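As structure tokens, the structure follows; a few thoughts come after it.
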Amino acid sequence: MYQDGADIVYHASGDSGLGVFQAAAAAGKKAIGVDSDQRQTVKETDLQSVIMTSMLKRVDVGVFEFIKAFQGGAKGGTNVTYDLKVDGVGLSTTGGEIDDIKDKLDAAKKDIVDGKITVPAKP
């Protein structure tokens with residue numbers, strides 16, 4: 001993708017996406033991580049600088065809410081969506097690479113939460 005002109009590549013393969021970071025470093029480009037703040041979790045410190053942000057699965061939110069519901073007597077068996085409205089997903093800001101657009105990102109998040117922007121459920 002970098003050879004075809006991409007400046008940034010977003011992978012959706014968790015820790016197995018290391019090759020994307022290696023390719024970004026080799027091409028002098030950027031990448032976006034997934035699941036956790038990969039700029040903090042990638043073991044190869046020379047790759048940290050190519051990770052401009054990561055899309056976060058806030059598993060901590062889901063686990064906390066499940067435990068709270070269980071303590072309240074819930075037995076499970078229902079589907080729960082952990083989206084932007086409940087901070088079930090997000091993005092990392094480690095490294096400051098997206099600080100210049102933070103206001104725009106916050107505004108877009110608000111518009112999604114408020115229903116002004118509809119995110120499709122299917123591609």
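Starting from the Cα gyration tensor of the range 42-123, take the square roots of the eigenvalues, sort them a ≥ b ≥ c, and report rounded, prolate or oblate (rounded when a/c is under 1.5, otherwise prolate if a/b is larger than b/c, else oblate).
oblate
Note down the relative contact order for the range 1-71 as a percent, whole number, built from C-alpha pairs under 8 angstrom at least six residues apart.
About 26 percent, as a whole number.
With the contact rule set at Cα under 8 Å and sequence spacing of 6 or more, what percent relative contact order holds for the chain?
Taking the mean separation of contacting Cα pairs over the length of the chain, I get 19 percent.
Could you order Asp60, Asp103, Asp83 so the one with the most accessible surface comes first? Probe is 1.4 Å.
The residues order as Asp103, Asp60, Asp83, largest area first.
Using a Gaussian network model of the chain whose springs link C-alpha atoms within less than 10 Å, name the residue from Gly14, Gly72, Gly95 with the highest mean-square fluctuation.
Gly72
Put +1 on the Cβ of every Lys and Arg and -1 on every Asp and Glu Cβ in the range 13-105; which of Ser54, Ala26, Phe66 then has its Cα farthest towards the positive end of the dipole?
Phe66
What accessible area per residue, rounded to a whole number of Å², is obtained for the chain using a probe radius of 1.4 Å?
Each residue of the chain exposes 70 Å² on average to a 1.4 Å probe.
Keeping the other protein chains in place, figure out the carbon and sulfur percent of the accessible area of the chain, with a 1.4 Å probe.
Its accessible area is 56 percent carbon and sulfur atoms.
If you project the alpha carbons of the range 10-69 onto their three principal axes, what span does each projection cover, largest first, in Å?
Largest first, the range 10-69 extends 47, 19, 17 Å along its Cα principal axes.
The values are calculated or read from the model by the stated rules, or taken from the named source; none is laboratory data. Keep in mind it's a predicted model, so treat the numbers as computed, not measured. Cβ sites come from the backbone with ideal geometry, for glycine too, and all protein chains shown count toward neighbours. Ligands, DNA and RNA are excluded from the accessible area calculation, which covers all protein heavy atoms including side chains. Shrake-Rupley method; radii C 1.70, N 1.55, O 1.52, S 1.80 Å.
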